[in-house]
Amino acid sequence: MNPGPTTPAFSRRQFLRDGLRLSAVAGAAGLAGAMAGRTQAQTTVWQIDPAKCVRCGNCATKCVLEQSAVKCVHAFDICGYCQLCTGYFEPEPNELTTAAENQQCPTAAIKRTFVEDPYYEYEIDENLCIGCAKCVEGCTRFGNGSLYLQIRHDRCLNCNECAIARTCPGDAFRRVPVTHPYLLKTDTH
Amino acid sequence: MRRLRPSLWLFLLATSGAVAAEHRFPPPEFEAGHKLPITTTPEARALAWQYVDLAVLLGALGLALWLIYRRRSRRGVMWLSIFSLGYFGFYRNGCICAIGTIQNLALGIFDRSYALPLTVLGFFLAPLVVALFGGRAFCAAVCPHGALQDLVLVKPVKVPGWLEHSLGLVPFLFLGAGAAFAATGSAFIICRYDPFVPLFRLSGSMSLIGLGAAFVLVGLFVGRPYCRFLCPYGALLRLAGLVSKWRVRVTPDYCTQCKLCEHACPYGAMREPVAAPTHPEPPARQRRRLAWLLLVLPLAVGGGALVGRQLAPLAARMHPTVALAELYTEHLSSPKKFPPMTPEALSLERAEADPKALLAAAADLRGRFGIASTWFGAWVGLVIVIKLIALSLRPARTDYEPDRGACVACARCFESCPNERVRRGLLPPEALPPRPLPAAPVAMKKA
Ligand code: SF4
Ligand code: SF4
Ligand code: SF4
Ligand code: SF4
């Protein structure tokens, strides 16, 4: 029942096979050796470079997940806590209230809370955010740029080839080491 | 001053540059000492788990070998398949998988800026090295794609030989194309058109889910359609299987020529006995055939390379940078109008910001594509000629045996063999036809 040696009738074939197998094993070892210097013990994950994102909206629709793994994140230390947040409000809002028709966000994922006159805090509800970048566009163009998109790694499947990356008009996606999985904006004042 | 009037908005719209500097407003000065919330950064799946995946792969490969060669148990192979489908398929979402690692490796070899993760190299090498010694144990019960197709098979039909042989070339071409596109850094087409990963994830574009469903439907009647007619890693494993040290043997003793195993194999991998030619080919004809081959091989490879070279500009368009450069040059000759803020308009904007760099990058990529598609064309020529050679060889065989390359070691045939049934005590030894006379060349059972 064990695989046994073949009969002498096949010995030439057997010889050829042994030779080919030996060279294949040597090839595999050679490949491993040649690549050894270029491998890394770490793995990588995908991330968006906020400096390159042009807020096209693909992030909301092109992810392989039903609910995109890309979400808006807020760099609170950059935020101006503006009363008229250009990320939160539509251009020319009727009034500065939280009514849905005044908001940029299609899913009302941004929570606006009063802190003290004249400051308001804006927080993202990730379960609602679809990563459409509408708020990011408003904040980047007219505000402090504290709202920006990041792949959230608790959601991302880390596809071998990120489906959004290949359609990103800003060429903003890149592989980053898993130990530093975010490209965060921080205060530079 | 932070209380902007809505009317100010228009003013802002008019004055702000396209991507002006940010930090337009000073940070707030809270009197009540409000504390800023912290931007959370959920961790990615820890690195250690990648090594756990690798360990599971190695363990499953070892177990598969044991089940196939020692236990000879279809049931064991099936249970291991179910486990692999659950773990590598539905739990790990089909990613990481050995099939896709071909591309990471190609990218790693040709792009110095891409450092190949060690676990990915492990996933690429382990099943191959195992196949070099013990055949396609990976396909038998470890690969989630194979497991899925193996488990949904209900009523296998036989694929006609000509179709099997011609479609059987596709995996090799897909392998070449996948490696070429990955080496040029343009796309991971093996992952992109993978039919099963969207099913494992239960999400993805409708067209891909439809493709997966179509493969499953076909797979109800045609054994492992993806493995046999598309899988590029299977192509590598097939080559490894051809030279493997051990192989799957149906009978534990001698072959009774009952043909039962041929019917048991749903993958068309069983080969029937071939009598040794009664009149061996005269040496003159053998020499002539060799001369022909030596002539045809370089012609096919060279011709393929030439055709491949012609296809380079077409293939280069798969690279987003080349595609953008082409859009940009088109736009220069006949200006294009895209609605603002659409991905097209925005990428054109990026092209216009630094056209020189873009065009230079595209030119460089086109050069790489020229080389890659030349190689790809040569590869296609080589594959076709080698297939023809393989078809023209008819090695003598006295017994029914699985083809080393095509056999995925699913272990279905074992139980069909009357000799195996005797071994398991399911049949009395008297039920068997007598052992063939020693005069006949017995190819089996030496151990
Ligand atoms: S696809 Fe790219 S440019 Fe578009 S929103 Fe996402 S990161 Fe930004
Ligand atoms: S506007 Fe879009 S990106 Fe911003 S919070 Fe809402 S859904 Fe998220
Ligand atoms: S890697 Fe996959 S899951 Fe993550 S953002 Fe990209 S497409 Fe979505
Ligand atoms: S042929 Fe490919 S898909 Fe099929 S089991 Fe083998 S590796 Fe998996």
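Going toward the positive end of the dipole of the stretch B:39-153, with +1 on Lys and Arg Cβ and -1 on Asp and Glu Cβ, which of B:TRP49, B:ALA140, B:SER113 do you reach last?
B:ALA140
For the stretch B:174-231 and the stretch B:278-310, write down the distance between their C-alpha centroids in whole Å.
If you average the Cα positions of each part, the centres end up 34 Å apart.
Stokes-Einstein diffusion coefficient for the stretch A:44-177 at 20 °C in a medium of 1.002 mPa s, Rh from the Kirkwood formula over Cα pairs: what value in µm²/s?
142
At 7 Å along Cα-to-Cβ for each site, give me the label-to-label distance between B:LEU359 and A:ASN102 in nm.
About 5.0 nm, to one decimal.
Taking Cα atoms, how many degrees apart are the long axis of helix B:47-65 and the longest axis of chain B, rounded to 10 and kept between 0 and 90?
With both axes taken from Cα atoms, the answer is about 10 degrees.
Shielding by partners for B:109-119, please: the mean number of other protein chain Cβ atoms within 10 Å of each residue's Cβ.
For this peptide, the per-residue mean of nearby foreign Cβ atoms is 5.
7 Å from Cα along Cα→Cβ at both B:TYR193 and B:ARG424: what's the point-to-point distance in nm?
4.0
For the protein assembly as shown, with only Lys/Arg (+1) and Asp/Glu (-1) charged at the beta-carbon, what is the dipole magnitude about the Cα centre, in debye rounded to 20?
The calculation lands at about 3780 debye.
At a Förster radius of 45 Å, what calculated FRET efficiency corresponds to the Cβ-Cβ distance of A:ASP117 and B:THR40, to the nearest 0.05?
Computed FRET efficiency for A:ASP117 and B:THR40: 0.95.
Before anything else, pin down the relative contact order of the stretch A:1-152: Cα pairs under 8 Å, at least 6 apart, normalised by residue count, whole percent.
29
About the Cα centre of the stretch A:16-158, what is the dipole size in debye to 20, counting +1 per Lys and Arg Cβ and -1 per Asp and Glu Cβ, all else neutral?
1100
Percent relative contact order of chain B, based on C-alpha pairs within less than 8 angstrom and at least six residues apart?
Averaging sequence separation for qualifying contacts and normalising by length gives 21 percent for chain B.
Once the Cα atoms of helix B:6-15 and of chain B are each reduced to a long axis, what angle between those two axes, in degrees from 0 to 90 to the nearest 10, is obtained?
70
With the dipole of chain A worked out from charges on the C-beta (+1 for Lys and Arg, -1 for Asp and Glu) around the Cα centre, which of A:ALA165, A:GLY37, A:CYS105 lies farthest toward the positive end?
Toward the positive end, the furthest listed residue is A:GLY37.
By average Cβ neighbour count within 10 Å, what is the ranking of B:139-146, B:395-402 from highest down?
Per-residue Cβ counts within 10 Å, averaged per peptide and sorted highest first, yield B:139-146, B:395-402.
Residue by residue through A:51-57, how many Cβ atoms from other chains fall within 10 Å of the Cβ on average?
Average neighbour count from other chains, rounded to a whole number: 4.
Please give the Cα centre distance for the stretch B:115-171 versus the stretch B:99-113, rounded to the nearest Å.
Taking the Cα centre of each part, the stretch B:115-171 and the stretch B:99-113 sit 20 Å apart.
Return one quarter of the surface area of the convex hull spanned by the alpha-carbon atoms of chain B, equal to its mean projected area, in nm².
Average of the hull's projected areas for chain B equals 32.3 nm².
Could you sort the peptides B:271-282, B:60-71 by per-residue average Cβ neighbour count (10 Å cutoff), highest mean leading?
Top to bottom by mean Cβ count within 10 Å: B:60-71, B:271-282.
Summarise the long-distance tail of P(r) for the stretch A:83-130 by giving the % of C-alpha pairs beyond 12 Å.
58
Can you give the mean number of other chain Cβ atoms that lie within 10 Å of the Cβ atoms in peptide A:70-82?
If you average over the peptide's residues, the count of other-chain Cβ atoms is 4.
To the nearest 10 degrees, how steep is helix B:232-242 against the longest Cα principal axis of chain B, on a 0 to 90 scale?
Roughly 30 degrees, rounded to the nearest 10.
Once each part is reduced to its C-alpha centroid, what is the distance from the stretch B:403-424 to the stretch A:113-189 in angstrom?
56
Have a look at A:PRO106, A:PRO93, A:PRO118 and tell me which one the Gaussian network model of chain A (Cα, springs below 10 Å) gives the largest fluctuation.
A:PRO118
Which one of B:LEU297, B:VAL130, B:GLY370 has its Cα pushed farthest toward the positive end of the charge dipole of the protein assembly as shown, where Lys and Arg give +1 and Asp and Glu give -1 at the Cβ?
B:LEU297
Determine how many Å³ per residue the convex hull of the Cα atoms of the stretch B:146-185 encloses.
74
For a protection proxy built on the mean count of beta-carbon atoms within 10 angstrom, sort A:32-38, B:168-174, B:416-422 highest first, please.
B:416-422, B:168-174, A:32-38
List, largest first, the extents of the alpha carbons of the protein assembly as shown along their principal axes, each in whole Å.
Principal extents (largest minus smallest coordinate, Cα): 105, 56, 42 Å.
If I model a spin label at B:ILE82 and B:GLU344 as a point 7 Å from the Cα along the Cα→Cβ vector, what separation in nanometres do I get?
Those two pseudo-labels are separated by 5.2 nm.
Considering every Cα-Cα pair within the stretch B:283-392, what fraction, in whole percent, is farther apart than 19 Å?
60
Just so you know, all these numbers are worked out from the coordinates, no wet-lab data involved. Quantities reported herein were computed from a predicted structural model and do not represent experimental measurements. Virtual Cβ from ideal backbone geometry, glycine too; neighbours counted across all protein chains shown.
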